[in-house]
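The values are calculated or read from the model by the stated rules, or taken from the named source; none is laboratory data. Computed from a predicted structure; not experimentally measured. Here Cβ is always computed from backbone atoms with ideal geometry, including for glycine, and neighbour counts include all displayed protein chains. For the accessible areas, the whole protein counts, side chains as well, though only heavy atoms, and no ligand, DNA or RNA atoms are used. Shrake-Rupley method; radii C 1.70, N 1.55, O 1.52, S 1.80 Å.
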Amino acid sequence: MLLSNSFIPILKNNPSEAKIKSHQLMLRVGMIKQASAGIYSWLPLGFKVMKKIEQIVREEQNKIGAQEILMPTIQSSEIWKESGRYDDYGEEMLRITDRQNREMLYGPTNEEQVTEIFRSSIKSYKSLPQLMYHIQWKFRDEIRPRFGIMRGREFYMKDAYSFDVSDEEAFFSYNKFFLSYLKTFKRLDLTAIPMAADTGPIGGNLSHEFIILADTGESKIFTDKRIFDLNSDDTQLEKSSLEEMRKKYEQFYAVTDEKFNKDEFEKIVSKENQLITKGIEVGHIFYFGDKYSKPMNASVDLPGGKKDFVKMGSYGIGVSRLVGAIIEAKYDEKNEIMKWPLSVAPYDIALIPMINKNDNSALVKANNIYSELLKNNIDALIDDTDENFSSKIKKMNLIGAPYQIIIGKKSEGDLLEFKETGGETQNLPLNKIIEIIRQDQATNPDQPRCHPGRVVGAAT
Ligand code: 5CA
């Protein structure tokens with residue numbers, strides 16, 4: 001893609017209304033544009049990143065056997081009256097009346113809708129478990145929308161729901177999502193810590209928030225540092241292995257402030273292992289048994305002939321929030337350098353030719369490199385504008401493709417000036433560069449790579 005053809009409206013300076021670095025960068029490089037308070041349009045750069053995150057989330061859901069559906073954004077109030085949440089949800093719910101005077105609402109979450117789908121078809125334990133998810137816009141009329149898409153009113157969420165015959169089976173489902181979340185965040189190059197959490201308006205008594213550390217996060221956390229050394233790499237998708245994995249995490253104290261108890265913390269965690277800091281909640285999982293199935297009468301036949309209400313859990317990931325969370329984790333604000341993880345980068349590599357008025361050769365060379373990269377499934381952005389070199393570099397550092405090639409006087413012959421964004425320059429031939437990027441891609445093999453936009457072969 002040529003920069004001159006892209007809609008990437010970059011601002012010269014940091015927008016003054018943005019208080020945290022993710023919001024600053026997203027406005028600065030034109031990833032989003034505010035439509036009204038807490039509501040945003042997603043422009044090409046931001047949209048591309050969000051869609052790549054969505055795809056990773058989707059693949060990891062599919063791996064645990066969750067089935068993708070799509071429920072509407074607009075729901076009928078009837079089902080919410082059945083569950084009893086229509087009144088409880090309060091002013092965060094955006095209520096709408098249609099022309100027949102029916103009470104509708106813009107869904108803040110989908111427990112009721114999915115329970116209604118389930119109960120109309122599934123009648124027997126034999127069809128269980130069922131795991132279903134969708135990735136859909138939500139609306140919550142947050143009293144204080146802030147930090148851009150981090151706490152929006154409209155936001156994009158992956159929400160999944162599990163249906164099981166017993167508590168034991170339901171914990172198995174819960175643990176599958178627990179593992180799936182650890183793997184999802186790892187593929188996004190984030191360390192997310194599962195923390196015991198309150199259940200709020202979703203309900204139930206078992207819940208974990210997945211938190212990434214960030215000074216600008218809205219969640220206060222209290223934890224044993226050693227939890228950061230854990231990983232879930234050896235976990236198998238079967239009951240005992242998953243239980244073991246969850247126990248491994250739960251052995252360490254890790255809670256958000258709603259669950260915090262100072263005496264307990266100081267008693268359980270040695271001084272040197274105590275960590276009190278802030279973080280961003282990127283996912284939240286809940287087990288709530290028959291909280292919805294009972295009032296909504298979603299029951300199944302059991303093996304012995306009796307009936308029981310199905311046992312449910314729900315599992316959310318803030319897909320749009322993750323765009324900001326990755327920036328909070330990766331953006332070097334001081335030097336104004338963003339380096340996206342390759343798995344979600346809007347472009348894999350930036351080509352920066354030094355063009356002057358009467359010599360087009362660097363751009364021709366950039367186009368040839370572009371075609372070669374494309375053949376290898378590497379998606380490049382060429383800065384074909386005639387701005388000066390330092391402002392080109394500045395711009396590309398903000399856009400954040402994880403690799404850069406500078407095509408200037410020095411790149412005569414086979415060797416190119418190549419670097420990881422923000423890193424040291426190396427002089428390498430193109431085939432070696434391709435090898436490095438291909439290797440990086442291979443650490444994330446499921447990700448479909450190239451989104452070539454407009455092919456530039458014809459440019460001169
Ligand atoms: N039904 C449950 C699980 S599917 C649920 O709604 N959980 S939640 O309320 O915790 O939301 C799930 C995730 O959505 C959160 O962990 C957070 O990452 C994201 N999220 C929640 N509210 C917002 C918001 N206002 N703006 C952006 N992301 C949000």
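Considering only the stretch 104-114, I want to know if a residue exists there that is out of contact with any Asp or Glu (no Cβ under 6 Å at 6 or more places or on another chain) and surrounded by fewer than 15 Cβ atoms within 10 Å (Cβ to Cβ).
No; the residues of the stretch 104-114 include none that is out of contact with any Asp or Glu (no Cβ under 6 Å at 6 or more places or on another chain) and surrounded by fewer than 15 Cβ atoms within 10 Å (Cβ to Cβ).
For residues in the stretch 120-158 being under 14 Å from the mean Cα position of the chain (by Cα) and either within 7 Å of the ligand (Cβ to nearest atom) or aliphatic (A, V, I, L, M) (or both), which is nearest to I317 (Cα to Cα)?
This residue is M157.
Got a sec? Which of Y249, Y292 is in contact (Cβ under 8 Å) with a residue 12 or more places away in the chain, under 24 Å from H208 (Cβ atoms), within 16 Å of the ligand (Cβ to nearest atom) and aromatic (F, W, Y)?
Numbers: Y249 fails: within 16 Å of the ligand (Cβ to nearest atom).
Only one candidate qualifies: Y292.
List the number of the failed condition for T216; all other conditions in (1) surrounded by fewer than 20 Cβ atoms within 10 Å (Cβ to Cβ); (2) within 13 Å of the ligand (Cβ to nearest atom); (3) among the β-branched types (V, I, T) hold.
Here T216 meets the rest and fails (2).
Mind listing just one residue for me: the one in the stretch 255-279 that is under 30 Å from G152 (Cβ atoms) and either among the basic types (K, R) or open to solvent by less than 10 Å² (accessible area, probe 1.4 Å) (or both) and, of those, farthest from the chain's Cα centre (by Cα)?
Per the criteria, the residue is K259.
Tell me, yes or no, whether the stretch 331-340 has at least one residue that is in a loop (DSSP other than H, G, I, E, B), open to solvent by less than 10 Å² (accessible area, probe 1.4 Å) and either under 27 Å from I117 (Cβ atoms) or out of contact with any Cys (no Cβ under 9 Å at 6 or more places or on another chain) (or both). Quick ask: steps written out before the conclusion?
Filtering the stretch 331-340 for residues in a loop (DSSP other than H, G, I, E, B) gives 331, 333-336, 338-340.
Pick out the ones that are also open to solvent by less than 10 Å² (accessible area, probe 1.4 Å) and you get 338, 340.
Filter once more, keeping what is either under 27 Å from I117 (Cβ atoms) or out of contact with any Cys (no Cβ under 9 Å at 6 or more places or on another chain) (or both): 338, 340.
Yes, the stretch 331-340 contains at least one residue that is in a loop (DSSP other than H, G, I, E, B), open to solvent by less than 10 Å² (accessible area, probe 1.4 Å) and either under 27 Å from I117 (Cβ atoms) or out of contact with any Cys (no Cβ under 9 Å at 6 or more places or on another chain) (or both).
Can you work out which of the residues in the stretch 159-178 that are touching a Phe, Trp or Tyr at 6+ places or on another chain (Cβ under 6 Å) and within 13 Å of the ligand (Cβ to nearest atom) is farthest from S320 (Cα to Cα)?
Y174
Find the residue count for the stretch 179-206, including only residues that are at pLDDT 95 or above, more than 16 Å from L230 (Cα to Cα) and within 11 Å of the ligand (Cβ to nearest atom).
Qualifying residue count, the stretch 179-206: 0.
Among E420, E424, which is the only one that is exposed (fewer than 13 other Cβ atoms within 10 Å of the Cβ), at pLDDT 95 or above and not hydrophobic (A, V, I, L, M, F, W, C)?
E424
When you look at T216, is it touching a residue at least 40 places away in the same chain (Cβ under 8 Å), among the polar types (S, T, N, Q) and part of a loop (DSSP other than H, G, I, E, B), yes or no?
Spelling it out, T216 is indeed touching a residue at least 40 places away in the same chain (Cβ under 8 Å), among the polar types (S, T, N, Q) and part of a loop (DSSP other than H, G, I, E, B).
Yes or no: the stretch 310-321 includes at least one residue that is within 16 Å of the ligand (Cβ to nearest atom), open to solvent by 20 Å² or more (accessible area, probe 1.4 Å) and within 30 Å of S162 (Cα to Cα).
Scanning the stretch 310-321 turns up at least one residue that is within 16 Å of the ligand (Cβ to nearest atom), open to solvent by 20 Å² or more (accessible area, probe 1.4 Å) and within 30 Å of S162 (Cα to Cα).
Among the residues of the stretch 36-88, how many are closer than 30 Å to E17 by Cβ and either open to solvent by 70 Å² or more (accessible area, probe 1.4 Å) or touching a Cys at 6+ places or on another chain (Cβ under 7 Å) (or both)?
2
Tally up the residues in the stretch 258-309 that are of a type in the set (V, I, T) and touching a helix residue (DSSP H, G or I) at 6+ places or on another chain (Cβ under 7 Å), please.
4
Within the stretch 85-114, take every residue that is within 16 Å of the ligand (Cβ to nearest atom), at pLDDT 95 or above and part of a loop (DSSP other than H, G, I, E, B) and give me the one that is farthest from Y287 (Cα to Cα).
M93
Please list, ordered by first then second residue, the pairs with beta carbon atoms under 8 Å, 6 or more apart or interchain, first in the stretch 108-131 and farther than 20 Å from D167 by Cβ and among the β-branched types (V, I, T), second outside any loop (DSSP other than H, G, I, E, B) and open to solvent by less than 10 Å² (accessible area, probe 1.4 Å).
Hits for this filter: T109/K138; T109/D159; T109/S314.
Identify all residues within the stretch 341-351 that are more than 18 Å from the chain's Cα centre (by Cα) and outside any strand (DSSP E or B); write none if there are none.
D348
Among the residues of the stretch 130-145, which ones are closer than 20 Å to V57 by Cβ and part of a loop (DSSP other than H, G, I, E, B)?
R140, the sole residue that qualifies.
Is it the case that the stretch 349-356 has a residue that's among the hydrophobic types (A, V, I, L, M, F, W, C) and open to solvent by 60 Å² or more (accessible area, probe 1.4 Å)? Give the steps one after another, and end with the answer.
Restricting attention to the stretch 349-356, the residues satisfying the condition of being among the hydrophobic types (A, V, I, L, M, F, W, C) are 349-352, 354-355.
Right, trim to open to solvent by 60 Å² or more (accessible area, probe 1.4 Å) and you get 354.
Yes.
Go through (1) more than 13 Å from the ligand (Cβ to nearest atom); (2) within 30 Å of S390 (Cβ to Cβ); (3) buried (at least 21 other Cβ atoms within 10 Å of the Cβ) one by one and return the number of the condition G324 breaks.
(1)
Say whether the condition of being within 16 Å of the ligand (Cβ to nearest atom), out of contact with any helix residue (DSSP H, G or I) (no Cβ under 8 Å at 6 or more places or on another chain), farther than 25 Å from K278 by Cβ and modelled with pLDDT under 95 is met by at least one residue in the stretch 222-234.
No, because not a single residue in the stretch 222-234 is within 16 Å of the ligand (Cβ to nearest atom), out of contact with any helix residue (DSSP H, G or I) (no Cβ under 8 Å at 6 or more places or on another chain), farther than 25 Å from K278 by Cβ and modelled with pLDDT under 95.
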